[in-house]
Each structure stands twice: as C-alpha cells, then as structure tokens.
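Notes for the one structure printed next.
Each value in this text was obtained by applying a stated rule to the coordinates, not by laboratory testing. None of these values were measured; they are calculated from a predicted model. Counting neighbours? That spans all protein chains shown, and the Cβs are built from the backbone with ideal geometry, glycine included.
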Ligand code: AKB
C-alpha cells in the first residue's frame, strides 16, 4: 500500500483508520473521502467529498491521486438496515460494486469489511468455523455474504487483490457507531461515565464477539500487507478478540465503578439479530495465514475506554 483511498472515512472505523494509516504511510498518501464535508479528515492529508454511489467521481479521485489501494467502509449497519432493507441493499451493494469496478479498472487492491453479521441462526454458534453455513436473516448479513462472494469472484475472474475480515462489534471512543446491534457495548461506557447507569437494548445473556478499535485497525493493515502467497482465504477472514454478554461487560465496569447500574429495555429487532449471530468465532485461519493476534481483552479495554471517555468529558466541561 502506497497511495490509499478511504471511502466512507467519516464513520466509526474510517475516522480512526484515516489517522492510523496516515501515521504509517504519510498524510499525503491517504486520501480520505466521505459523503459529508469534514474539517478534521482534511487536517493531515487530502480530503474530498465523495458519494460512494457515484462511480465516475470515485474513478476520477482514484486516477487523480494515483491510488493503489481502496478501503471501502460504506455500510448501513444491521439494526438500521432492517428499517429500510431496500435502501440498505442499495447503499451497501452500490458502494461495494463501485469499489470493485474502480479497483478492477485502476488496478487497485481492495479492503471491504465483512462482519459476524454474515452468519445466521443456522451457523454453528460456538467457535463458528471459517468455512461453514452462512444464512443470515438480516439484509445487512445478506449484503455481507454477497459482498464476500463478489470479492472472491473479482479476485478469481479479474485478479483484483480483494481482502476482508469479518469484524466483530467494534468498540471505540472517537466516533460513535450508528445503527448496529453491537452498539450497546460502546454506549455503555459513555453512559457509565456520564450518568452512572445504562439501559441496555440487548438481552443480558446474549454473547457476541467484540474487538477494541486499536486491534481492528491493526488487523486491516496486517491483512493488506500480508504475503499473498500465504492467503488460502481472502473474503473474508473470521476475526476474534473477546466475546461477552451485557451482564459480563456490566460486571467489568462495576469492578471499577461499584455504583454503576444497568437495566434493560429490550429492542425486539436487536434481540432477534443478536440471538441469530454466533457466540464466538474461530479465527484460526487468520492466525495461521497472516499472523493475527489480538492484543486487547475486556479488562484492558475497559480500563482504556473509561479513562479516554472521562478525559473527553472533562475537556467538554472545561
Ligand atoms: C452491527 O452491529 O451491525 C455491526 C457489526 C457487528 O457488523 N457492529
């Protein structure tokens, strides 16, 4: 990767991936784009307004900046997708198809995240294998499975260097996620710091895989820099780091904030989605094929999240 384009850089992953990649590859070599104007994304490198559904403009940005690697991060997430499945399909698949076509025409590598949402109720629940039944029951999951197949198709048919990971719920403290089923695991930390209590929309005992943003960012770079001859899989690698329930993350916060309380107001859509997803993924292929190792666990992440959010809140108050 020498000249990178990030499509959808204003979102939860993109806002941090832009900074991370600019530190590694140099500010001017990472072109951030988003459908909305942004001052921050233009601070340390080029920024352009780009609607990912506009293939002509995407191709022109790629040509102008001599891009060799595209990160397509555009997605309507699982819970919000269920409110308007047609729009979710249009946005998620439109951005992906344009990225694939631009990558093919301009000889770029392409990273597109998949998700634990690519699995469904018929997939094995525990230690879900890399290669297994994938019959998701959300439009988000349908897009992810289709996207994985399209990525492999473009690799085999056209030689496009497509790579992807199945991200767990990503926990972070820069940009809030929006519309996901795993968002509760981010919101709980903000509410703990701000109010000392949290109302959880997901049932207390549902396990889902989660990952802390620093590990997620490192995974993107390590996979894209991996020796292609070692990759038996491409789209997409199971990625695991930690798996917990709302009860478990609540208990972890209470170890540091004994007065923290949590009650439940279950969102039926999120409940159904969460219960359809795996409890935990088997990420041994990522470990074997490109050396994946998570560095954060629930305890170290909780320490860091609470500290960073406390600092942010104090800055806002000051
Ligand atoms: C969501 O909850 O929709 C996402 C995901 C796990 O892909 N965070």
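Restricting segment 133-146 to residues that are closer than 20 Å to residue 240 by Cβ and surrounded by 14 or more Cβ atoms within 10 Å (Cβ to Cβ), the residue that is nearest to the ligand (Cβ to nearest atom) is 140.
Scanning segment 279-295 for residues that are closer than 19 Å to residue 249 by Cβ, touching a helix residue (DSSP H, G or I) at 6+ places or on another chain (Cβ under 8 Å) and surrounded by fewer than 19 Cβ atoms within 10 Å (Cβ to Cβ) yields one hit, 295.
Hey, which of the helices (runs of 4 or more DSSP H) in segment 246-312, taking only ones fully inside, have at least 1 residues that are touching a strand residue (DSSP E or B) at 6+ places or on another chain (Cβ under 8 Å) and closer than 29 Å to residue 225 by Cα?
284-290
If you filter segment 52-102 down to residues that are away from the ligand (no atom under 16 Å from the Cβ), in a loop (DSSP other than H, G, I, E, B) and closer than 17 Å to residue 4 by Cα, you find that the one that is nearest to the chain's Cα centre (by Cα) is 52.
Out of 174, 165, 160, I need the residue that is away from the ligand (no atom under 16 Å from the Cβ) and under 27 Å from residue 293 (Cα atoms). Which one? Break it down into steps so the answer makes sense when it comes.
Values: 174 fails: away from the ligand (no atom under 16 Å from the Cβ); 165 fails: away from the ligand (no atom under 16 Å from the Cβ).
The match here is 160.
In segment 50-61, the residue that is farthest from residue 92 (Cα to Cα) out of those that are surrounded by 13 or more Cβ atoms within 10 Å (Cβ to Cβ) and out of contact with any strand residue (DSSP E or B) (no Cβ under 6 Å at 6 or more places or on another chain) is 60.
In segment 117-137, the condition of being within 17 Å of the chain's Cα centre (by Cα) and outside any helix (DSSP H, G or I) is met by at least one residue.
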